[in-house]
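> I have a structure here, written as structure tokens, and I will follow up with some questions on it.
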Amino acid sequence: MKVYVDGELCIGCEACVDVCPEVFEMQDDVAVVRIEDDVPEELEASVEEAAESCAVEAIIIED
């Protein structure tokens with residue numbers, strides 16, 4: 001799984017960081033992905049939860 005944050009959509013609510021700080025972090029007022037390669041399998045469920053918690057659907061998951 002790969003994950004991206006659409007910086008144009010992100011409103012900086014930090015919900016993704018709260019749910020999965022291993023993968024997401026804030027840079028300025030926008031969330032970014034800390035992992036450049038595939039998300040480790042043990043974090044996939046947390047990434048999916050973070051995507052579901054995003055108020056503006058700015059998190060994009062690719063299998």
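The values are calculated or read from the model by the stated rules, or taken from the named source; none is laboratory data. Bear in mind the structure is a predicted one, so any value in this text is a computation, not a measurement. Here the Cβ positions follow ideal geometry from the backbone for every residue, glycine too, while neighbour counts run over all protein chains shown.
> Scan the stretch 35-48 for residues that are modelled with pLDDT of 95 or more and loosely packed, with under 14 Cβ neighbours inside 10 Å and jot them down.
ASP38, PRO40, GLU41, GLU42, ALA45
> Return the residue satisfying two criteria in turn: it lies in the stretch 22-34 and is touching a Lys or Arg at 6+ places or on another chain (Cβ under 9 Å) and among the aliphatic types (A, V, I, L, M), and of such residues it is surrounded by the most Cβ atoms within 10 Å (Cβ to Cβ).
Restricting to residues being touching a Lys or Arg at 6+ places or on another chain (Cβ under 9 Å) and among the aliphatic types (A, V, I, L, M), the top hit is VAL23.
> Restricting attention to the stretch 49-63, which residues are surrounded by fewer than 13 Cβ atoms within 10 Å (Cβ to Cβ), acidic (Asp, Glu) and either over 14 Å from VAL5 (Cβ atoms) or free of Cβ contacts under 8 Å to residues at least 60 places away in the same chain (or both)?
If the condition is that a residue be surrounded by fewer than 13 Cβ atoms within 10 Å (Cβ to Cβ), acidic (Asp, Glu) and either over 14 Å from VAL5 (Cβ atoms) or free of Cβ contacts under 8 Å to residues at least 60 places away in the same chain (or both), then GLU52, GLU57, ASP63 are the ones that fit.
> For residues that are of a type in the set (D, E, K, R) and either exposed (fewer than 14 other Cβ atoms within 10 Å of the Cβ) or within 10 Å of ALA50 (Cα to Cα) (or both), tally how many sit in the stretch 1-21.
The total comes to 3.
> If GLU57 satisfies every condition in (1) at negative phi; (2) not in a strand (DSSP E or B) but one, which is the exception?
(1)
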